[in-house]
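So the structure is just underneath, and the comments pick up after that.
The values are calculated or read from the model by the stated rules, or taken from the named source; none is laboratory data. Being a predicted model, the structure only gives us computed values, none of them experimental. Quick reminder, even Gly has a Cβ in these numbers, built from the backbone with ideal geometry, and neighbours come from all protein chains shown.
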Amino acid sequence: MDIFGSFALILAFLAAVYAFAAGIAGAITRRPLLTRSARHSGMAVFGLVTLAVASLEYFFFTDNFSMAYVAAHSNRALPALYKFAALWAGQEGSLLFWSWLLSTYVFLALFVNRNKHPELMPYAGVVMAGVQIFFLTLNNFVASPFGVLGGPDASGTLRLAALGDGHGLNPLLQYPEMVIHPPMLYLGYTGFTIPFAFALAALLGRYPGEKWIHITRRWTMIAWCFQSIGILLGAHWAYAVLGWGGYWAWDPVENASLLPWITGTAFLHSVMMQEKRGMLKVWNIWLVFTTFMLCILGTLLTRSGVISSVHAFAQSSIGNWFVGFLALVFIVCFWSYWLNRDYLRSDNTLDSLVSRESSFLFNNLILLAACFAVLWGTLFPVLSEWVVGNKISVGPPFFNKVNVPIALFLLLLTGVGPLLAWRKTSFDALRRNFAWPVIIGVVSGIVAFIFGFREIYSLICLILCVFVTLSIASEFYRGARVIAARDGSNILAAIGDLTMRNTRRYGGYIVHFGMVLIFIGIAGSAFNKDVQMEMAPGQSLAIGPYTILCQNFDRVANNNFESERATLEIFRDGRSEMMLYPERRFFLASEVTETMVAVQSKPLHDLYVVYAGRSPETGKPVIHAYQNPLVKWIWFGGIVVVLGTGLALLPNRRAALVLKPVTEQSWGNAVAKGVSPIGAIARSSDAHD
Amino acid sequence: MAALCLTTGVLGYILAAHAQETQRAKTLGQKLLCVCGCNQILTACNHVGCTYSHGMLKELDDRVARNEPDDLTIQAFVQEYGSTVLAAPPTTGFNRAAWIMPIVVPLIALYLFFELIRRWRQRAAIATASGPAVSAELLARAQREAGKDDDEQR
């Protein structure tokens, strides 16, 4: 069976090589047969990698501990769900999983466009096959998941050795979110391959117009959405499992996932300028290239051991492969750009600084500043060691200090952008659109200040959140009011109608609102409180409105772990409200101890309790309790972001048109009668976004 | 009664001083990283079996209790554990670059942003000057309609 999986992987590699070579030949010779066979070969990679993945999963579920990867990441008592997730628990399996997700995307892209874009698809297929070749090379020749235990005996015959039981899955990964967090993140990382492939293909093939953007818009949004879900699930996992009371530690691996998300966000905004005005063509191409390269860089950081991180896989020489691939990608991108740069001339220029275009441009600038700041902080320890031979740390205080002002500025632009018109916004329009959101935002800030809200960044954040929410609401209201007046419908129905007529625009606003909720949640962290105390049964500690009474400590066990558990009764205003059971689990197979946090989450704050073990001095159990305000808003904001993205992915519902016969008239007559043909055409088109 | 007042006063003073010490230790602890490799702020490291954080926190508490100046405490930690113990790069020598670059790069980008706009507008002006002649009537109509579109597209 191990031979079956290995064989499928080798075949997948050969199929990708064929898709690459035949694709190039087909693009050069323009022979449809070659192009078609390249496409079929590219699609076959998916089937073959699927077989390899299924084969490895089979080994996990049958507890085949002669397989090195299974023995290292599973054990007999591991629950079935985690046996399934063990596929991506280690270097080799996660790379195979990466290849599988990539092949799934490639299959879908090739299948959906099989009868479309005959000029573009051969090039795109070649780029996608090139990326697949790299990952399948790793799967086959560098980090194969199908290695077996044992070795040659005295006679030189290979003897397999099987362990009685495996080492078990890393306890940190034995949490339901870890079953979905890595796949979501990987779907984001791998998903950016598709827009990258189409962008590079359009450049190589000098494919005219903005077609590649129309083709890849949805792919980009899907990848971005998965990346967002992955990041948020990762944050939730860190919050619920690591037990330090926070959700984002600016760990290099966390940062690595954030970088392509930031550039992807910039691309999703700036791409509208190319669609609407034919501007920023060079910028957009490089944003897509950069996003893809940051995905590879993120993988490099995670797997090479260049930067120390609790999330990182074991250090290995695999990093060199990623460095080589990254260099190759950059050279190909730059070379393609340089050869075809004349094809990327802008059709239009910026008419005014006070316009939607300039706000998008500015938003891109700020996003890239944020991206640079995160990348700089992440890589600075390496740079410092290289330049002055002194390794230093760059931790949360640096990232918070640098990124919080940038993030607040971005939040401001989230509110400003939608209120500006394309091309130019008049002063009157500015005053009309901004007056109420600004006034109410500032008033809410003053009220909050009076009520003791003195943390400066949180105060600014509150003002901006109110401003952005009102600007979004006013956008919905203004559009819906027109529909309601014309159709006689109520305002809520009109909002629904408006949204469905331009899902991309209004879905985008909902995403912005989700970001507002996330910002509110993050701002709450300025008011976190925590108390740590050694507690014997019968003792209590107070935090915020809660009193935590320790009832007892007990031990529970199953086949997978033994647990020491605290039973805590939570009182609020003298009334018993709930019981919490924070634990420390000792996982038998891996012989590792981990905390299991107990969280009571409410809209206004979380009560977060950690059983921090026994004090080395007194032997008494230590309870660490946190009161974290508004954390729930972050997770809820994440859901809103996903819903908004889902809405933006839907096709627009067209307004019903009732045609009435008109007598044909010349352009001159139309102008003479005061009817503007240009205006009529412009108004009938989809003017927004 | 006097003894009770005195005892309460002394107890109050001790508790306030202790709270102040705890707060100071917490603030200082947030400037330091646990050196076990977890990359976490010292006061946040809760790794099970972490052989560093407990000792480091105790040392920090002791130094704060001795009323040692903050700078001296931080310096002592750097000497004992190396510069990786600092949670953020110091603002000396090459490490200044860590703080400067995130400000300088956006400023350069901002300059390029305005420079780009300036060039675009210049190019637009040249294109208009060298374009085909447009009648005054047509130009007025175009401007009128552009204004209309502007209002509608908002």
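A few notes on this one:
- Pairs where the first residue, in region A:157-181, is in contact (Cβ under 8 Å) with a residue 12 or more places away in the chain and the second is hydroxyl-bearing (Ser, Thr, Tyr) and assigned to a strand (DSSP E or B), C-beta under 9 Å, 6+ apart: A:Pro171/A:Thr593
- Among residues of region A:235-259 being more than 8 Å from chain B (Cβ to nearest Cβ) and not in a helix (DSSP H, G or I), the one that is farthest from A:Phe636 (Cα to Cα) is A:Trp250.
- Only a single criterion out of (1) within 23 Å of the chain's Cα centre (by Cα); (2) aromatic (Phe, Trp, Tyr); (3) in a loop (DSSP other than H, G, I, E, B) is not satisfied by A:Trp422, namely (1).
- Scoring A:Ile406 on the criteria (1) assigned to a helix (DSSP H, G or I); (2) at the interface with another protein chain (Cβ under 10 Å from one of its Cβ atoms); (3) modelled with pLDDT under 90 leaves a single failure, condition (3).
- Counting only residues that are within 7 Å of chain B (Cβ to nearest Cβ) and either modelled with pLDDT of 90 or more or out of contact with any strand residue (DSSP E or B) (no Cβ under 6 Å at 6 or more places or on another chain) (or both), region A:378-395 holds 8 of them.
- The residues of region A:599-641 that are within 14 Å of chain B (Cβ to nearest Cβ) and without any contact (Cβ under 8 Å) to a residue 60 or more places away in the chain, listed by number, are A:Tyr611, A:Gly613, A:Arg614, A:Pro616, A:Glu617, A:Gly619.
- Residue match in region B:67-90 (condition: more than 10 Å from every other protein chain (Cβ to nearest Cβ), under 30 Å from A:Leu172 (Cα atoms) and charged (D, E, K, R)): no
- When residues of region A:540-592 are limited to those that are in a loop (DSSP other than H, G, I, E, B) and of a type in the set (Gly, Ala, Ser), the one nearest to A:Pro629 (Cα to Cα): A:Gly544
- Pick from region B:60-73, criterion touching a residue at least 12 places away in the same chain (Cβ under 8 Å) and surrounded by fewer than 18 Cβ atoms within 10 Å (Cβ to Cβ), ranking: farthest from A:Met596 (Cα to Cα): B:Asp70
- Summed over region A:350-368, the residues that are over 19 Å from A:Leu411 (Cβ atoms) and either facing chain B (nearest Cβ under 10 Å) or not β-branched (Val, Ile, Thr) (or both) give a count of 6.
- Residue list for region A:550-596, restricted to those being hydrophobic (A, V, I, L, M, F, W, C) and more than 23 Å from A:Ala77 (Cβ to Cβ): A:Cys550, A:Phe553, A:Ala566, A:Leu568, A:Ile570, A:Phe571, A:Met578, A:Met579, A:Leu580
- The residue pairs whose first member lies in region A:264-276 and is β-branched (Val, Ile, Thr), whose second member is at pLDDT below 85, and whose beta carbons are closer than 9 Å, counting only pairs six or more residues apart or on different chains, are A:Val271/A:Glu210; A:Val271/A:Leu280.
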